[in-house]
1. Across region 95-112, what is the total count of residues that are open to solvent by 30 Å² or more (accessible area, probe 1.4 Å), outside any helix (DSSP H, G or I) and out of contact with any Ser or Thr (no Cβ under 7 Å at 6 or more places or on another chain)?
2. Kindly provide the set of residues from region 20-32 that are modelled with pLDDT under 80 and loosely packed, with under 14 Cβ neighbours inside 10 Å, ordered by number.
3. Kindly check whether there is at least one residue in region 32-49 that is in contact (Cβ under 8 Å) with a residue 60 or more places away in the chain and of a type in the set (D, E, K, R).
4. Pairs needed: first member in region 66-78, part of a loop (DSSP other than H, G, I, E, B); second member anywhere, at pLDDT below 95 and of a type in the set (Lys, Arg); C-beta distance under 8 Å; at least 6 residues apart or different chains.
5. Would you say Arg92 is part of a helix (DSSP H, G or I), at pLDDT below 95, touching a strand residue (DSSP E or B) at 6+ places or on another chain (Cβ under 7 Å) and closer than 21 Å to Asp122 by Cα?
6. Within region 113-147, how many residues turn out to be part of a loop (DSSP other than H, G, I, E, B) and among the small types (Gly, Ala, Ser)?
7. From the list Lys14, Lys40, Lys35, Lys84, which residue is at pLDDT 80 or above and exposed (fewer than 14 other Cβ atoms within 10 Å of the Cβ)?
8. Just to be sure, is Ile72 modelled with pLDDT under 95 and either crowded, with 16+ Cβ neighbours inside 10 Å or acidic (Asp, Glu) (or both)?
Amino acid sequence: MRKAIYKAVAARLKTAKVGIQFTSLWNRNTEQLTKQRAFKMPAVFVEFEPIDWTQLSQGARSADIRVRLHVITETLATPEEGGKYQDKALERLELLERVSAAMQGLCGDGFNCFMLAESVTDHDHERVQHDEECYVTRATDTSAVKPRADARAREIKKPRQPFTVPGLLFSNMLLAESFVYRLFCRLYAFSGK
């Protein structure tokens, strides 16, 4: 389920012309920028918060899944009023709005549409800004459901073969067996054999 959600989010942010240059799973990527492999910015890292599953029947499970998007941008511009680079500094807020617009209506096989639950704006940064957008979706995971091997279940699903008597056609699904048996006996007695 998490793989499907991650791929759907990454594909939506890529195709929605949001302006995201890089997408990956979250691994505390901003804590050691100089020690990690470089990534293009703006970037989005997808974090799955702990999931409390509710077990359903036959191996299915459901949960409200919280997906936190870590939106990473960089600029040296400052947003002070009347400043020469104010618009450049505020581009990250426009990016967050584009991310939100792209996530609206995103749903897939096994999970409902995402709803924005929380936004955290980075107010303690230097060159790299780390904003967070948290979304919630209701998901049902059926990956552990096994097909029923019960012979009775297979028998019920098969249509019954018609039962024939000379000149007559009966369907076992429509008539009870005792009725068919009595009718067959009467026809046999009537024929004189």
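The values are calculated or read from the model by the stated rules, or taken from the named source; none is laboratory data. Note that the coordinates shown come from a computational prediction; the quantities given were computed from them, not determined experimentally. Ideal geometry is used to build each Cβ from the backbone, glycine not excepted, and the neighbour counts take in all protein chains shown. To get the accessible areas, we keep the full protein, side chains included, count just its heavy atoms, and leave off ligands, DNA and RNA. Shrake-Rupley method; radii C 1.70, N 1.55, O 1.52, S 1.80 Å.
1. Matching residues across region 95-112 total 5.
2. Once the filter is applied, which keeps residues that are modelled with pLDDT under 80 and loosely packed, with under 14 Cβ neighbours inside 10 Å, region 20-32 yields Glu31, Gln32.
3. Taking every residue of region 32-49 in turn, at least one turns out to be in contact (Cβ under 8 Å) with a residue 60 or more places away in the chain and of a type in the set (D, E, K, R).
4. What qualifies is Thr75/Lys88; Thr75/Arg92; Thr75/Arg127; Leu76/Arg127; Ala77/Lys88.
5. yes
6. 2
7. Lys40
8. yes
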